[in-house]
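So the structure is just underneath, and the comments pick up after that.
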Amino acid sequence: MTNGNPTEGSLRLSPSGPDGSVAQAKAQPSTLPLTAAETSAESPWPLHVLSEKLKAHIERAPAAWIEGQVIELNRRSNMCFLTLRDVNAEVSLSLTVFSTVLDRLSMPLERGSRVVAQLKPDFWVKTGRLSMQTRDIRPVGLGDLLARIERLRRLLAGEGLFSLQRKRALPLLPHRIGLITGRDSDAMKDVLQNASRRWPAVEFEIREVAVQGGSCVAQVSAALAELDALEEVDVIIIARGGGALEDLLPFSSEELVRAVAAATTPVVSAIGHEADRPLLDEVADLRASTPTDAAKRVVPDVAEELQRIRQARSSLERAVSTLVGREAERLAQLRSRPSLARPEGMIDVREADVERLRERAHRSAASAVSRQSDGIRHLRAQVRALSPQKTLDRGYAVVQLHDGTVVREATSVEPGDQVQIRVAEGAFSAEVTMGGDDPGDDYFD
């Protein structure tokens, strides 16, 4: 006990107290310890002091509203004694209710009813007994439960726990499946039988837990954490058969929903039937309508997979056959081409081209030579036509002096000069006998 704080159990004497404790406190000698921490074997408190301090301490606690399920109900005249159990844990509490409080209820309480109650703790000094006085009690109806679940649904959805982006895809073929279900339940049998029928090699890691009642949430959460920690577990199925809304309430527990959201292994929810929709369905990576549906969703059907393999093999064979046939046809077309069927034909064609070009070159050269020969003959004829010999052939003569100079003017010679006269055929000498007068053009007229 510390520093005389009443809330921490270090009870201190006060000048007043319930049930006439004022007179008793005044009658106590001043040598009594002021706090519980100061008491000892040599200086103890009287029992009534401790009881009074406990009562005063407990009465300062405010009234609280709690929720639970009625598991025991014992009514005696004007009093009723109830035992409530927590809906999510193995915790129970005894209550004392006056009959007047129960009489205000429209329907009598029964065992198994879910209620909310306003409690105020009370300590009986004479007997040292703590009792929980019930000031008000109200049954929780189906509508209240649904409204509460809906409020929680909106809260968790606002946090993004139901978002599609955070959901993980299931493995195509899990090597080991974690299964959380009831002990020897039909849901477990449905999952095992259907999964084994679809894929005989499938393996399970099973955790049998309570699937309703106060311990359900704790056991399912613990089993989930255990399976999530196993590396060989690829997917986890939480399965339960159908039931009343009250039986399925643990699967809408905020604690369980957050545990599933925090798991790193994909989780499949298979709770109840198609119409049942606990919050676990919203946060799970996959919702299955029934445990049987969960088995079909988690493992593939070996018959279907074998059929797909056969179809894929057939498609592959057709594709390969088509490819080989097409390539064989292309090869046949290539082989049927003249260049491959008779490769020397390419040389023959080139040889023919060379021969043709050679003949063409010969013809061109012969034609050019003939043409140039004709040109030469024509030029030769022109040259010959312009040559002095042709002039001489027409009867003209060439007169040259003794030094070979051609006489072009008559005045260039004198009488007595010797000249050489060349005619068309031959030449002879002559002597000039007459002076050179220019006869002019009349000579040729």
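General observations
- Annotation: amide H-H contacts under 5 Å for residue 206 (H modelled 1.01 Å from N, sequence separation of 5 or more, or interchain): 179.
- Note that the chain shows a convex hull volume over its alpha carbon atoms of 570 Å³ per residue.
- Only one residue of 238, 416, 118 has its Cα farthest out toward the positive end of the dipole of the chain, where Lys and Arg carry +1 and Asp and Glu -1 on Cβ, and that residue is 118.
- Relative protection proxy for 205-213, 344-352, from highest mean packing down: 205-213, 344-352 (other beta-carbon atoms within 10 angstrom).
- With the highest mean first, a sort of the peptides 35-46, 357-368 on other beta-carbon atoms found within 10 angstrom per residue produces 35-46, 357-368.
- Residue (of 181, 248, 298) at the positive-pole extreme of region 179-300, dipole from beta-carbon charges: 298
- Total charge dipole magnitude, region 320-445, about the Cα centre, Cβ charges on Lys, Arg, Asp, Glu only, Debye to nearest 20: 1960
- Among beta bridges identified by DSSP and lying wholly in the chain, the antiparallel ones come to about 65 percent.
- Percent of alpha-carbon pairs separated by more than 18 Å within region 361-406: 55
- Virtual spin-label span in nm between residue 130 and residue 159, 7 Å along Cα→Cβ: 3.0
- Sites residue 43 and residue 122, calculated FRET efficiency, Cβ-Cβ separation with R0 22 Å, nearest 0.05: 0.15
- Normalised alpha carbon radius of gyration of region 390-434 [divisor 2.2 N^0.38 Å]: 1.13
- Gyration tensor verdict on region 64-140 (Cα atoms; rounded if a/c is under 1.5, prolate if a/b is larger than b/c, oblate otherwise): oblate
- Subtracting the Cα-Cα distance of residue 393 and residue 77 from their residue separation scaled by 0.36 nm leaves 95.4 nm.
- For residue 113, distant residues with modelled amide H under 5 Å away: 70
- Tensor-based shape of region 299-445 (alpha-carbon gyration tensor, a/c under 1.5 rounded, otherwise prolate or oblate): prolate
- Cα lying deepest toward the dipole's positive end in the chain, options 45, 61, 200, charges on Cβ: 45
- Overall size of region 179-300 from C-alpha positions, given as principal axis extents largest first: 36, 29, 24 Å.
- Computed [θ] at 222 nm, deg cm²/dmol, the chain (DSSP H ≥ 4; -39,500 (n - 2.57); rounded to nearest 500): -13000 deg cm²/dmol
- The 3J(HN,Hα) values that the Karplus relation (6.51, -1.76, 1.60; θ = phi - 60°) gives for region 407-415 are, in residue order, 7, 10, 10, 5, 7, 7, 10, 10, x Hz. Gly and Pro appear as x.
- Long-range amide H partners of residue 242 with built H, under 5 Å: 272
Quick note: the coordinates plus some simple rules give every number you see, no bench work behind them. None of the values given here were measured: they were computed from a predicted structure. With ideal geometry, Cβ positions are generated from the backbone for all residues, glycine too; neighbour counts draw on all protein chains shown.
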